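Report on the structure given below.
Just so it is clear, none of the values below were taken in a lab; they were calculated from the coordinates. Keep in mind that this is a model prediction, so the values were computed, not measured. Positions of Cβ are backbone-derived with ideal geometry, glycine not excepted, and every protein chain shown enters the neighbour counts.
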Amino acid sequence: MVRGKRMRRPVSFAKIVSRMGHVLVDAELSWKRTARVRMLVDTGATHSVLPSDLADRLGVVRSPRPVRVQLADGSRRGMRVGPVVVRLLGREAGDMVLIARRGSEPVLGVEALESLGLTVDPRSRKLKPSRAHGVLLVGTRPGRR
């Protein structure tokens, strides 16, 4: 688990709420500032999404230009992206989120779930570990000459 300057105990609140087949979680999001946020878990969404007002509250630094993304309805749109740290069920991971218009529903996408080592159990509609939590760093180094 990555720790900042202040030592904090792992977040284990992750209240999971199910409404009409939806899975909602209370996650801690941070960048320059921290907030506890209720998010819709969407296993059909590649990226997580935050409304611009929440991104502003967290101090998220936006990309200098928008990236083209395809939305669930098939339309394409340019959206800014920015980094956040997600803490959920005692796990912590970095995530690159799409910044949506003010008031949009916060969405936790598959890339964040994968980074956290979590998956949705379709029967119980709860998050469960998909693997032991850890970060795998993969790199290459130049061959010897």
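As a proxy for reagent exposure, L88, L118 were ordered by neighbouring Cβ count within 10 angstrom, fewest first; the result is L118, L88. Rounded is the label for segment 31-143, because the ratio a/c of its alpha-carbon gyration tensor axes (a ≥ b ≥ c) stays below 1.5. Among M96, M39, a tally of other beta-carbon atoms within 10 Å of each Cβ gives an order, fewest to most, of M96, M39. If the chain linking E114 and V85 were pulled fully straight, counting 0.36 nm for each residue of separation and taking away their Cα-Cα distance, it would gain 9.1 nm.
List the residues of segment 33-66 whose backbone N lies under 12 Å from a point placed 7 Å from the Cα of S75 along the Cα-to-Cβ direction. Within reach of a label on S75: no residues. Taking 0.36 nm per residue of sequence separation and removing the Cα-Cα distance, the S104/S130 pair yields an extension gain of 6.5 nm. With neighbours defined as other Cβ atoms within 10 Å of a residue's Cβ, the residues R62, R38 order from fewest to most as R38, R62.
Take the Cβ atoms of M96 and A35, set R0 to 25 Å, and the FRET efficiency comes out at 0.90.
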